[in-house]
């Protein structure tokens, strides 16, 4: 398949987890506590319920949920999207969606049900790992529908580092996944570059598997940046505008400046779904302050570590990507349709990207070459 002559690899296409994923896949002794998907009484939006807790936190607040509901209702659904919804966004309809967009290969990331497994820190760490394991088993079955086109990304939780290490190993060796995903925000006070998380990074390097850092505006953890915006009168607008890029900035700075890449030089890390336009300025600032403070000493400047080991996700309509290319080159940028999320440009996402005023060579590398290198397929 080629769209306007381009091969396309979607770095971050999403699944929608079925309501009974954990009831079917969760193992004992946790099976009786399996989270489930329900409709919120106050707002009518879907929420994931685990015991007395639920996500998203604003699901029972009709005013906060109104921003989501308005956007979902504003965008007219195509007949295909109606079909996909009726079929619970199964693997067959995902492949059909890829055909409509011209996507050859999609690397599959979680939606709310997977985020719950990753970082819902009202649940104990061992339970989170059990949820991640169940999610990963479901994802393997999902990809098996068309393993040439559907590539899995494993959920892991740094709340339980030992469990995360085992899931990294299993994802690479047994499940055949192309990547693992971690949440950028603190969980139980632990951050990506805490010393106790080092075994996770070492295992990712050992298994030569890609790491995707993917945020959210859902205020997932107790220390999540988005929590401060929950009572804002335009909370969903402000939270989604701020949380996604700022979460990526903080994790990028922390991972690079802490020496994680220097200690594990074959790591490949992508910072996904938080735009790319901020990257040149932020790397400039990171380099500037690194040189002013000079400690801890690194063998290279932060920008050099990003260029050698990292990737950034751009949105399909992000005209600012031209400035990123001008200042940093086009070797480190990947792209996603963001299907099937309600704010995706599907089924015209890739058409929008191909209209951007960047060169054909830029487009070719962003649509395929860079993503193939990131996921270790080049």
*Mind listing whichever residues of segment 10-33 are surrounded by fewer than 17 Cβ atoms within 10 Å (Cβ to Cβ) and more than 26 Å from residue 100 (Cβ to Cβ)?*
20, 23, 24, 27, 28, 29, 31, 32, 33
_Which numbered condition in (1) in a helix (DSSP H, G or I); (2) at pLDDT 95 or above; (3) farther than 17 Å from residue 211 by Cβ; (4) more than 18 Å from the chain's Cα centre (by Cα) is the only one that residue 305 fails?_
(3)
*Restricting attention to segment 199-226, and to residues there that are in contact (Cβ under 8 Å) with a residue 60 or more places away in the chain and part of a helix (DSSP H, G or I), which single residue is farthest from residue 119 (Cα to Cα)?*
205
_Members of segment 84-105 found to be farther than 16 Å from residue 151 by Cα and part of a helix (DSSP H, G or I), listed by number_ = 84, 85, 86, 100, 101
*asked:* Restricting to segment 326-342, give me the number of residues that are touching a residue at least 12 places away in the same chain (Cβ under 8 Å), surrounded by fewer than 23 Cβ atoms within 10 Å (Cβ to Cβ) and closer than 22 Å to residue 373 by Cβ.
replied: 6
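Tell me yes or no: at least one residue of segment 148-167 is assigned to a helix (DSSP H, G or I) and surrounded by 24 or more Cβ atoms within 10 Å (Cβ to Cβ).
So far as segment 148-167 goes, yes, one or more of its residues are assigned to a helix (DSSP H, G or I) and surrounded by 24 or more Cβ atoms within 10 Å (Cβ to Cβ).
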*Counting just the residues of segment 34-74 that are loosely packed, with under 13 Cβ neighbours inside 10 Å and part of a loop (DSSP other than H, G, I, E, B), which one comes out modelled with the lowest pLDDT?*
44
*Among the numbered criteria (1) surrounded by 14 or more Cβ atoms within 10 Å (Cβ to Cβ); (2) assigned to a loop (DSSP other than H, G, I, E, B); (3) modelled with pLDDT of 95 or more, which single criterion is violated by residue 319?*
(1)
*Of the criteria (1) in contact (Cβ under 8 Å) with a residue 40 or more places away in the chain; (2) buried (at least 23 other Cβ atoms within 10 Å of the Cβ); (3) part of a helix (DSSP H, G or I); (4) out of contact with any strand residue (DSSP E or B) (no Cβ under 9 Å at 6 or more places or on another chain), which one residue 256 fails*: (4)
*Residue list for segment 235-253, restricted to those being in contact (Cβ under 8 Å) with a residue 40 or more places away in the chain and surrounded by fewer than 17 Cβ atoms within 10 Å (Cβ to Cβ)*: 237
*Being at pLDDT below 95, crowded, with 24+ Cβ neighbours inside 10 Å and on the phi < 0 side of the Ramachandran plot, is that true of even one residue in segment 187-207?*
yes
*Got a sec? Which of 345, 349 is in contact with a helix residue (DSSP H, G or I) (Cβ under 8 Å, 6 or more places away or on another chain) and free of Cβ contacts under 8 Å to residues at least 40 places away in the same chain?*
345
*Lone unmet requirement of (1) at pLDDT 75 or above; (2) out of contact with any strand residue (DSSP E or B) (no Cβ under 7 Å at 6 or more places or on another chain); (3) assigned to a loop (DSSP other than H, G, I, E, B) for residue 77*: (1)
_Need pairs with beta-carbon distance below 6 Å; first residue assigned to a loop (DSSP other than H, G, I, E, B) and within segment 268-294, second modelled with pLDDT of 95 or more and surrounded by fewer than 18 Cβ atoms within 10 Å (Cβ to Cβ); sequence gap 6+ or separate chains._
277/320
_Lone unmet requirement of (1) in contact with a helix residue (DSSP H, G or I) (Cβ under 7 Å, 6 or more places away or on another chain); (2) assigned to a strand (DSSP E or B) for residue 313_ = (1)
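The values are calculated or read from the model by the stated rules, or taken from the named source; none is laboratory data. Please read these numbers as outputs of a predicted model, since none were measured by experiment. Cβ atoms come from the backbone with ideal geometry, glycine included; neighbour counts cover every protein chain shown.
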